[in-house]
Amino acid sequence: MKRKAVCMILALTALLTALSGCGPQSVELSDRLIVEAIGIDKTDAGVLVTLQALDTHAAGAGSDPNEQGQVTRLYRFSGESVGQALSGVRAATGLTPLYSQARVLLFGRSLAEAGLAEALDFFLRVCNARSDILIAMAESAAEDPVAADFGATVPGAVIMEDVLNGSLRDGMGAAVKLYDFMNLTYTGTDTAFCPVIGIREQALEDAQKPVLQGTAFFENGRLAFTAGEDLTRGMLFLKDRVETGAIRAAGENGTYTMRIISSETKISPTLYENGRANARIRVKTVCDITEFTPKDDACRLGEAEAADAAAAGKAWLEALLNDTLSVLFYEKHADICRLARLVNLKYPRLAAAYAERMFEATDITAEVEFTVRRTGKEGI
């Protein structure tokens with residue numbers, strides 16, 4: 001009896017091992033299609049998915065350049081949905097796609113206008129995709145920047161990734177990851193947004209370059225409107241997402257170019273019994289002066305000019321914040337200050353009623369504390 005039980009256990013173990021995916025089923029790297037960039041566009045029949053993938057043979061063997069230079073190839077797949085389109089990757093290439101190495105995920109404007117949730121949901125569910133991939137809306141078709149010739153010996157996806165990440169460091173763009181965008185889309189407590197990316201011809205080179213074209217804002221997963229560079233920068237200050245960057249402001253003694261050393265934003269909402277709210281925004285920014293153009297040639301950079309630079313910087317930032325709030329919050333009804341979330345944390349019982357009339361029932365005051373820390377060569 002004991003021997004029979006042992007034999008049954010061994011037989012079951014062998015069966016489970018055969019049925020599981022732990023056997024010799026792993027895919028070799030040489031059999032992988034390593035995807036670097038993904039572009040999704042809406043078509044009459046569904047979607048067009050453009051993949052920029054590493055050309056491992058060309059990169060390793062030094063073969064002749066292909067259509068994307070030395071290191072990548074382009075693949076295009078169509079279908080009624082993203083999943084259906086990409087189901088044909090292996091049949092067309094003979095390779096198993098690997099999405100976990102992808103750097104950027106772009107979608108075309110027409111797809112954004114029709115709705116993104118279904119298309120982007122695929123990349124949250126597929127097992128080898130990255131939920132922290134950087135996303136952006138293409139200025140027109142997503143196929144264009146994915147297929148663009150940037151004239152470099154590195155994948156175009158690397159260049160686009162650097163532009164998106166660098167935009168946040170320079171305080172000029174809002175780098176957004178896929179899971180953050182989807183969380184904002186599904187929860188509805190904040191306004192979902194992402195950068196807009198386009199391509200431009202380089203004047204002195206026979207190549208193109210990726211450039212930021214502002215920010216796209218979404219409502220219920222669909223494109224609502226886009227905002228330019230100035231409003232994007234104001235939004236980043238309000239969201240406490242400015243790391244560094246340059247400010248150019250004109251004062252009484254001349255024009256100052258200043259480098260942001262640090263910037264901190266705090267928002268404190270107060271909800272009153274009559275249903276109205278007051279949001280106090282306090283922005284503390286510290287800068288160095290990197291360049292000074294005096295109005296008078298006899299003027300030199302000193303303590304008076306440092307105070308003048310601080311006053312000019314404060315006036316510039318106050319005007320930027322007020323313009324941003326006027327357009328994005330009050331006119332476009334974008335919750336760029338996260339007020340719905342902040343009120344929900346502080347006044348959970350009143351949050352739902354407030355959210356329904358937030359844009360009409362909120363008074364916002366923006367206060368700026370602007371400090372010039374150093375001047376001259378020390379600031380460079």
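The values are calculated or read from the model by the stated rules, or taken from the named source; none is laboratory data. On a predicted model such as this, the values are computed, not experimentally measured, just so you know. Neighbour counts are summed over all protein chains in view; Cβ atoms, including those assigned to glycine, are modelled from backbone coordinates with ideal geometry.
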Mind listing whichever residues of segment 276-300 are surrounded by 14 or more Cβ atoms within 10 Å (Cβ to Cβ) and not in a strand (DSSP E or B)?
ARG276, CYS299
Restricting attention to segment 128-152, report how many residues are part of a loop (DSSP other than H, G, I, E, B) and modelled with pLDDT of 80 or more.
12
Read through the list (1) at pLDDT 90 or above; (2) out of contact with any strand residue (DSSP E or B) (no Cβ under 8 Å at 6 or more places or on another chain); (3) of a type outside the set (S, T, N, Q); (4) not assigned by TED's automatic domain parsing to the domain that holds ALA312, then give the number of the only condition that GLY251 fails.
(4)
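Would you call LEU124 modelled with pLDDT under 90 and closer than 17 Å to VAL176 by Cα? Show your work before the answer.
Numbers: modelled with pLDDT under 90: yes; closer than 17 Å to VAL176 by Cα: yes.
Considered against the rule, which asks whether it is modelled with pLDDT under 90 and closer than 17 Å to VAL176 by Cα, LEU124 comes out as yes.
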Residue list for segment 87-105, filter: touching a strand residue (DSSP E or B) at 6+ places or on another chain (Cβ under 8 Å) and either under 13 Å from TYR75 (Cα atoms) or not aliphatic (A, V, I, L, M) (or both):
SER87, GLY88, VAL89, ARG90, ALA92, THR93, LEU95, THR96, PRO97, TYR99, GLN101, ARG103
In the set ALA304, ALA315, ALA340, ALA355, the lone residue that is more than 31 Å from the chain's Cα centre (by Cα) and not in a loop (DSSP other than H, G, I, E, B) is ALA304
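Does ILE289 satisfy the condition of being closer than 30 Å to CYS194 by Cβ and not small (Gly, Ala, Ser)?
Working: closer than 30 Å to CYS194 by Cβ: no; not small (Gly, Ala, Ser): yes.
Considered against the rule, which asks whether it is closer than 30 Å to CYS194 by Cβ and not small (Gly, Ala, Ser), ILE289 comes out as no.
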Please verify whether ALA351 is without any contact (Cβ under 8 Å) to a residue 24 or more places away in the chain and closer than 23 Å to PHE193 by Cβ, treating the condition exactly as stated.
yes
Would you check which residues across segment 162-176 are at pLDDT 90 or above and in contact with a Leu (Cβ under 6 Å, 6 or more places away or on another chain) and list them?
LEU164
